[in-house]
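Asks: Sharing a structure with you now.
Since every read-out is calculated from the coordinates, none of them should be taken as a lab result. Because the structure is predicted, anything quoted here is derived from the model rather than measured. Glycine also receives a Cβ, built like all others from the backbone with ideal geometry; neighbour counts cover every protein chain displayed.
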Amino acid sequence: MENERTPSYIKKLDELLHGGYIKPSSVLIAGSCGTGKTNICMQSLFNAAEQGEKCAYVSLHSESEDKIIQALSSFSFYDEDLITDKMKICSISSDVIAKGDFAIFEYLNEKILKHEISRVVIDTINILEEIESTFDERPFHKYELRSFVLNLFHEFNEKNMLLIATAEIPASSINSSVWPYMFDTVISLDTVSEEEKAQRYLEIIKERGSDFSMGKHKFSITENGIIL
């Protein structure tokens, strides 16, 4: 049985992925600050919403919806009408994260998992490393993070959702980070100085259960979003 495919809705990226993202699955968009992680995710969400999918964006930065929208409004793919109809924007406060793993799960369950949503972005998933307590008020140990995240991914898979998450991981550290091992697909974004000019590169590190186009691919960020 072939895996179900869903487009990234980003020109050229679907070709590199040999047909798009596998659904359901978990996708990691990794890179250092300013490499375009949130841009590529939002472009995928808005374009999917325009095609009729119900989508959600979850910020772990405790940002207000107004601030998130302000950052997006300069892109041509942004459509205010989609936010009330096809696009849900949520922000998990620092207070919820401070309450621990169960509080985070309950938030995602109420805001995302209980709804008919096709794809969701979590930005930035590294913040889950800040969990300090569990639902029974004991300390949350670092070795428990992997189990918590994988159980969370399982819930998204059960709902047939495509989960896309960003992570602050420089390209040079991608192989030593624990995060890529938890995801089905890993895409790394990088910025390299070439002849006194910054050049952006996208590289697909893995796509579990499928082939993909290897190598580093140049891209730019324009008012129309990511251009490969």
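Asks: Taking amide H positions as placed in the peptide plane 1.01 Å from N, state which residues far from S118 in sequence (5 or more) or on other chains have amide H under 5 Å from it.
Replies: K54, C55
Asks: Is the shape of the chain best called rounded, prolate or oblate, per the rule: a/c under 1.5 gives rounded, else a/b larger than b/c gives prolate, else oblate, with a ≥ b ≥ c the square roots of the Cα gyration tensor eigenvalues?
Replies: Numbers: a/c = 1.40, a/b = 1.26, b/c = 1.11.
It comes out rounded by the Cα gyration axes.
Asks: Okay, next question. Please list 3J(HN,Hα) in residue order for the range 140-146, calculated via the Karplus relation 6.51 cos²θ - 1.76 cosθ + 1.60 where θ = phi - 60°; whole Hz, with x for glycine and proline.
Replies: Karplus-based 3J(HN,Hα) across the range 140-146 equals 8, 7, 4, 5, 7, 4, 4 Hz.
Asks: Any idea what the relative contact order of the chain is, in percent, if you count C-alpha pairs under 8 Å spaced at least 6 apart? If you can, show how the numbers build up before the last one.
Replies: Details: 424 pairs, mean separation 65.0, N = 228.
The normalised contact order for the chain reaches 29 percent.
Asks: Taking a 18 Å limit on the Cα-Cα distance, which of the listed pairs K23/K216; K99/K142; K23/K159; K111/K159; K54/K88; K23/K88 fall beyond it?
Replies: Working: K23/K216 24 Å; K99/K142 16 Å; K23/K159 11 Å; K111/K159 13 Å; K54/K88 8 Å; K23/K88 20 Å.
In this structure, K23/K216; K23/K88 exceed 18 Å between Cα atoms.
Asks: Please compute the net charge surrounding I69, taking Lys and Arg as +1 and Asp and Glu as -1 over other residues with Cβ under 13 Å from its Cβ. Each step should come with its number before you reach the end.
Replies: Values: positive: K67, K88; negative: E63, E65, D66, D79, E80, D81.
Neighbour charge sum, excluding I69 itself: -4.
Asks: Still on this structure, I have one more. Evaluate E = 1/(1 + (r/R0)^6) for E132 and V178, where r is the Cβ-Cβ distance and R0 equals 22 Å; express this FRET efficiency to the nearest 0.05. All intermediate terms of the calculation are to be shown ahead of the outcome.
Replies: Details: r = 18 Å, r/R0 = 0.81.
It comes out at approximately 0.80.
Asks: Something else now. For the chain, with the dipole built from +1 on Lys and Arg beta-carbon atoms and -1 on Asp and Glu ones, taken about the Cα centre, which of S213, S176, S94 lies farthest toward the positive end?
Replies: Farthest towards the positive end: S213.
Asks: Name all residues of the range 98-121 having a backbone nitrogen under 19 Å from the label point set 7 Å from the Cα of H141 along its Cα→Cβ direction, giving them as ranges.
Replies: 100-102
Asks: Further question: Based on Cβ point charges of +1 for Lys and Arg and -1 for Asp and Glu, what charge dipole magnitude is obtained for the range 5-227 about its Cα centre, in debye rounded to the nearest 20?
Replies: Values: 23 positive and 35 negative charges, 122 e Å.
Dipole magnitude for the range 5-227 comes out near 580 debye.
Asks: With a point put 7 Å past each Cα toward its Cβ, work out how far H154 is from K206 in nm, to one decimal.
Replies: 1.9 nm
Asks: Counting pairs of alpha carbon atoms under 8 Å apart in space and at least six apart in sequence, what relative contact order in percent does the range 1-130 give?
Replies: 27 percent
Asks: A follow-up question, please. Could you work out how far helix 37-50 tilts from the main Cα principal axis of the chain, as a 0 to 90 degree angle to the nearest 10?
Replies: The answer is roughly 90 degrees.
Asks: Could you tell me the calculated FRET efficiency between Q199 and S76, based on Cβ-Cβ distance and R0 = 22 angstrom, to the nearest 0.05? It would help to have the intermediate numbers written out before the result.
Replies: On the way: r = 23 Å, r/R0 = 1.04.
The calculated FRET efficiency here is 0.45.
Asks: Select from V27, S62, L108 the residue farthest towards the positive end of the dipole of the chain; place +1 on Cβ of Lys and Arg, -1 on Cβ of Asp and Glu, and compute about the Cα centre.
Replies: V27
Asks: In whole Hz, what ³J(HN,Hα) sequence does the range 58-64 give by Karplus (6.51, -1.76, 1.60; θ = phi - 60°), x for Gly and Pro?
Replies: Each residue of the range 58-64 in turn: 10, 8, 9, 9, 6, 7, 7 Hz.
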